[in-house]
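Q: This is the structure I want to talk about, given as structure tokens.
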Amino acid sequence: MIELNEFDRAYLHLVLEINKHIDGYIDAYLGPEDLGRQVNDKPQKSPALLLEDVTQLQSSVPAAHAERQIYLSALLRAVQTTITMIGGEDIPYMEEVQRIYDIMPQRVDEALFLRAHKDLDTLLPGSGRLSNRLEKWRNRYSVPQDKLFLLLELAREETQRRTAALVDLPPGEAVEVALVKDKPWSAYNWFKGQSRSLVEFNTDIPVFALTLASLFAHEGYPGHHTEGVLKEEKFWLERGYGESAAALLHSPAAVIAEGIATTAVEIIFPDDGHIDWTLDVLLPAGAIEPQESAEQLKQLQQALLQLRWVSGNAAMSYHSGQLTQEQTIEYLQEYGLATRDRAEKSLQFLYHPLYRSYVFTYTEGYNLIEQAATDQDKRELFLSCLTEQKLPSQLAALAAQSPGKG
């Protein structure tokens, strides 16, 4: 039984109260069940009272560990921003992103997307509209429904095996898999505590076999599940840190989490090795016949990765009022080469109350690890992100110290 001190109990009480205003604000709760019941059984507190609570917490941040003090200060700024928005204050969109996530994303020049289109035009088979050719190519590698659980299990076993060679996973840790529909995301990790996760895969859009290893690395090993397991053990079970018992979607920690998850496949499959493994193991198990060589698939993957900033640009334009919903869908189709269905699914994510500014955590998280690791081993930095309380601004400062950065 973990004994909470006054600060940690007050912190958990506050974020549980916020979760009553924004259902899903707490992505994973590991704290005392009785505390959760006490909060939920009481009437909802007003934003004004919540602001008083966060101000009190800000004035009483534990000073015993300087690293935690810095971390909590940024975390509480994010909490305060969310409460301010609950109270109805209109915060400019990019200021919202900066205050909540400790990042300052920049718009990406569409010329990058057009260069990627040119590469894809060369690499993709067939002729005609590029988006149609891309979708046709993806469909050739879609996983048959009757093979999906088999391929997910193969991906789980392989990513777990490789991760166990990288970090010490506790006995009994496990990932359960489920298939769902009608969600604004393609896959989601629900960390349940006690070293266990439920990973749900959304089947609204066919699952793409060539990214299945990457997707499982992202959600499971050594991504979200692994981070949850290691930080639960170190910061909650051993130290009783309240902030580690309630993972918040609106938090600088989300940028680090998505940075870990988007980098995960590179750590356990160096040199795009997941493509080779997919060709050797996954596709034969799914009775999927590859049409390209490993080298061609790696080139296609690199070209597609250049389109990852399209959603961020779309979010900036949509939330600033420069684009309507329909124009945002068209932007996602034009530059992201998305089908209408995929673009509409992406738009759902961009205007969802929980995820409206979350979209930047993926690209910014990945870039921060990539840039901060320029002159050091990426695996070493990755492992430190898995096991330490880091802030995006700290990674940005580290990247700025590297030659040629800043």
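Q: May I ask you to derive the relative contact order of segment 6-101, considering only C-alpha pairs under 8 Å and at least 6 residues apart, and to give it as an integer percent?
A: 28
Q: What is the sum of charges around residue 47, taking Lys and Arg as +1, Asp and Glu as -1, for the other residues whose C-beta is under 13 Å from the C-beta of residue 47?
A: Surrounding charge for residue 47 is -2.
Q: In deg cm²/dmol and to the nearest 500, what is the mean residue ellipticity at 222 nm of the chain if only DSSP H runs of at least 4 residues count, each as -39500 (n - 2.57), divided by the residue total?
A: Result for the chain, helices only: -17000 deg cm²/dmol.
Q: Test of understanding: what is the full-extension gain from residue 104 to residue 73, defined as 0.36 nm times their sequence separation minus their Cα-Cα distance?
A: Taking residue 104 through residue 73 to full extension adds about 9.4 nm, to one decimal.
Q: Also: Longer than 31 Å from Cα to Cα, which of 20/192; 298/378; 42/390; 147/192; 20/390 are they? Say none if no pair is.
A: Long pairs (Cα-Cα over 31 Å): 42/390.
Q: Under the classification rounded if a/c is under 1.5, otherwise prolate if a/b is larger than b/c and oblate if not, where does segment 6-101 fall, given a ≥ b ≥ c as square roots of the Cα gyration tensor eigenvalues?
A: It comes out oblate by the Cα gyration axes.
Q: Taking 7 Å along the Cα-to-C-beta vector as the label spot, tell me the residue 205-residue 153 distance in nanometres, rounded to one decimal.
A: For residue 205 paired with residue 153, the spin-label model returns 2.8 nm.
Q: Need one number: the % of Cα-Cα pairs in segment 319-385 sitting beyond the 18 Å mark.
A: That tail contains 53 percent of the Cα-Cα pairs.
Q: Looking at the chain, what % of its DSSP beta bridges pair antiparallel, to the nearest 5?
A: 60
Q: Classify segment 220-300 as rounded, prolate or oblate, taking a ≥ b ≥ c as the square roots of the eigenvalues of its Cα gyration tensor: rounded when a/c is under 1.5, otherwise prolate if a/b is larger than b/c and oblate if not.
A: prolate
Q: Separate question: Enter the Cα centre distance for the pair segment 48-78 and segment 182-259, rounded to the nearest angstrom.
A: Distance between centres, Cα-based: 25 Å.
Q: Within segment 264-314, which GluC sites (Glu not before Pro) sit in a loop by DSSP and count at most 10 neighbouring Cβ atoms inside 10 Å?
A: Sparse-neighbourhood loop GluC sites (Glu not before Pro): none present.
Q: Oh, and also: If a/c stays under 1.5 just call it rounded; otherwise compare a/b with b/c (prolate if a/b is bigger, oblate if not). Do that for segment 109-231, with a ≥ b ≥ c from the square roots of the Cα gyration tensor eigenvalues.
A: Verdict is prolate for segment 109-231.
Q: Go through segment 1-92 and name the GluC sites (Glu not before Pro) that are in a DSSP coil and have 15 or fewer other Cβ atoms within 10 Å of their Cβ.
A: 3, 89
Q: With a cut-off of 8 Å between alpha carbons and a minimum separation of six or more residues, what is the relative contact order of the chain in percent?
A: It comes to 22 percent, rounded to a whole number.
Values quoted throughout were computed directly from the atomic coordinates according to the rules given, and no laboratory measurement underlies them. Quick caveat, the model's predicted, so the values are computed rather than measured. Glycine also receives a Cβ, built like all others from the backbone with ideal geometry; neighbour counts cover every protein chain displayed.
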